[in-house]
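A.B. asks: Would you mind keeping the following structure in view while I ask a few things?
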Amino acid sequence: MGTSATPEKREGFSSTLGVLAATLGSAVGLGNIWKFPALTGENGGAGFLLIYLCATLLVGLPVMIAELTLGRTARANPIAALKTMSPPGHAWWLVGFMGMLAAFLIMSFYSAVVAWVFAYVWKSLEGSALSSDPVVTEAAFNSLVSSPWQSLLWQWVVLALIGGILLKGVSGGIEAVTKRLMPLLFVLLAGLCVFSLTLDEAAAGLAFLFSPDFAKVDSSVVLTAVGLAFFKMSVGMGTMITYGSYFRSDQNIPLTAGRVMCADLAVSLLAGIAIFPAVFTFGFEPSAGPALVFITLPAVFSQLPFGHGLMVVFFVLTSIAAIGAMLSLLEVPVLILHERFGLKRPQAILACVIMVAALGAACALSASVLADFKLMGRTMFGLADFVSSNLLLPLGGILIALFTGWVWGRDRFTRALSNDGALGNARLASLLVILLKYVSPVLILIVMLQGLGYL
Ligand code: PFF
């Protein structure tokens, strides 16, 4: 392994607002608008939501705080951070390496979905995907995903854009873009919710989302909820170590993480409130899965005054949400290639974009030429999603929690969390240490083993 870049050359986020926007930009993404409603719908609604909430609080938030603190203290990429913070001869840096693999795996399917979202911006401009007839909106979606060239080209557009923004740097690229675009996403989603609540079957949609039916909850549902909590909060793979390394020294980490968690949850719930009333009103299945957003929402928009324009804006903003998340995903391997392997930043970006394009092609083609190519009963798209969300992120989460609680240790963690004594959050630190040492790892392990059929 090479040496780290000198600290004084490191870029970082320039303001508290920028830190919040970039971190929230990473957390808010397709997970909120595409995964959360689909998984909630497939797994029985409110029961799933409750488990997801517990997983976020008991596991997602502590690991997020741990990652941000590790990153800010080490001011380095995840591999270097874990290497310098662990005793000599220990192989904790492998967790950072595993995170880099997870980043590539997630990006390979994530970029394929972002590609659909981008394509839908175009389709909505043309008006071709807009219809109140589910058969028509479904056909429009199928014609996109089953076309190999359309899928690949849109994926390349996405990667070129993300690479281009990263070229502008951490503050000039990531921070500047997320700071401008996150507020717009909230405004539009809130507007959509207001409309959705006026629909005939709004009450049925809300009941589905908010009144729990535990009959549908089994261990694989719990694993899915824990996996989603990790995915949503972008933890378990070093993304937050990477972003933490760009945090200012006076940043209140627990406060920032708490805000990000609440805002991220709000976006997920708003997406659910926008979607489920419409699902019930227009006679769609709540368990339609990932296609829900691409098939249901166009039908909702077709009923709205100015629906055409609103649909364009919605998919533009969904793209924007996805961009913040993609930026953070790509930044993980870019920083590693740059700092650990000595590549210049533009070279590192190019290398990562090419790698994601190669891996991602298998996912983008999963609904067309590679539809019948299955491993472990899943398409490449399904496999990348399953392995990253249900295996790599939870495993990374366990290891990061154990590392912070047991190896780095209570004293150093407490000091770093309180900004060397400037903040009085010693009690919070003690609670977090207990969660990180015992609660989070044990919970995740049980859930993982059960969900995989070992218990
Ligand atoms: N949190 C993002 C979302 O909900 O869409 C996805 C994600 C981003 C996962 C970054 C992991 C990550 F490192």
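A.B. asks: What's the number of the only condition in (1) on the phi < 0 side of the Ramachandran plot; (2) not in a helix (DSSP H, G or I) that residue 430 fails to meet?
C.D. replies: Every condition holds for residue 430 apart from (2).
A.B. asks: Look through segment 302-322, keep the residues that are at pLDDT below 80 and closer than 28 Å to residue 26 by Cβ, and return whichever of them is farthest from the ligand (Cβ to nearest atom).
C.D. replies: Ranking the qualifying residues of segment 302-322, first place goes to 310.
A.B. asks: Pull up segment 366-402, narrow it to residues that are of a type in the set (Val, Ile, Thr) and not in a helix (DSSP H, G or I), then point me to the one that is surrounded by the fewest Cβ atoms within 10 Å (Cβ to Cβ). First the steps, then the outcome.
C.D. replies: Just the residues of segment 366-402 that are of a type in the set (Val, Ile, Thr), to begin with: 369, 379, 387, 398, 400.
When the remaining residues are screened for being not in a helix (DSSP H, G or I), the result is 369, 379.
Details: 369: 11, 379: 20.
Looking at residues that are of a type in the set (Val, Ile, Thr) and not in a helix (DSSP H, G or I), I get 369.
A.B. asks: Could you count how many residues in segment 292-306 are of a type in the set (Gly, Ala, Ser) and part of a loop (DSSP other than H, G, I, E, B)? Don't jump to the end; show me each part of the working.
C.D. replies: If we filter segment 292-306 for residues that are of a type in the set (Gly, Ala, Ser), which is where we start, we get 299, 302.
Okay, now just the ones that are also part of a loop (DSSP other than H, G, I, E, B), so 302.
Going through segment 292-306 one residue at a time, the tally reaches 1.
A.B. asks: Hey, any hits in segment 242-250 for a residue that's without any contact (Cβ under 8 Å) to a residue 40 or more places away in the chain and in a helix (DSSP H, G or I)? Break it down into steps so the answer makes sense when it comes.
C.D. replies: Going through segment 242-250, the residues without any contact (Cβ under 8 Å) to a residue 40 or more places away in the chain turn out to be none.
Checked against the condition, which is being without any contact (Cβ under 8 Å) to a residue 40 or more places away in the chain and in a helix (DSSP H, G or I), segment 242-250 yields no hits at all.
A.B. asks: Only one of (1) more than 16 Å from residue 59 (Cβ to Cβ); (2) more than 16 Å from the ligand (Cβ to nearest atom); (3) of a type in the set (Val, Ile, Thr) fails for residue 222. Which number is that?
C.D. replies: If we test residue 222 against (1) more than 16 Å from residue 59 (Cβ to Cβ); (2) more than 16 Å from the ligand (Cβ to nearest atom); (3) of a type in the set (Val, Ile, Thr), just (1) comes out false.
A.B. asks: Working only within segment 193-206, note down all residues that are crowded, with 16+ Cβ neighbours inside 10 Å and either outside any helix (DSSP H, G or I) or free of Cβ contacts under 8 Å to residues at least 60 places away in the same chain (or both).
C.D. replies: 199, 201
A.B. asks: For residue 212, are the conditions met, namely being crowded, with 19+ Cβ neighbours inside 10 Å, away from the ligand (no atom under 15 Å from the Cβ) and not polar (S, T, N, Q)? Break it down stepwise before answering.
C.D. replies: Values: crowded, with 19+ Cβ neighbours inside 10 Å: no; away from the ligand (no atom under 15 Å from the Cβ): yes; not polar (S, T, N, Q): yes.
Here the answer is no, as residue 212 does not meet what is asked.
A.B. asks: Right, next: Given the criterion in contact (Cβ under 8 Å) with a residue 12 or more places away in the chain, farther than 20 Å from residue 26 by Cβ and exposed (fewer than 15 other Cβ atoms within 10 Å of the Cβ), identify the matching residue among 139, 190.
C.D. replies: Details: 139 fails: in contact (Cβ under 8 Å) with a residue 12 or more places away in the chain.
On inspection, the qualifying residue turns out to be 190.
The values are calculated or read from the model by the stated rules, or taken from the named source; none is laboratory data. Source: prediction; values computed, not measured. Please note: Cβ atoms are built from the backbone with ideal geometry, for glycine as well, and neighbour counts cover all protein chains shown.
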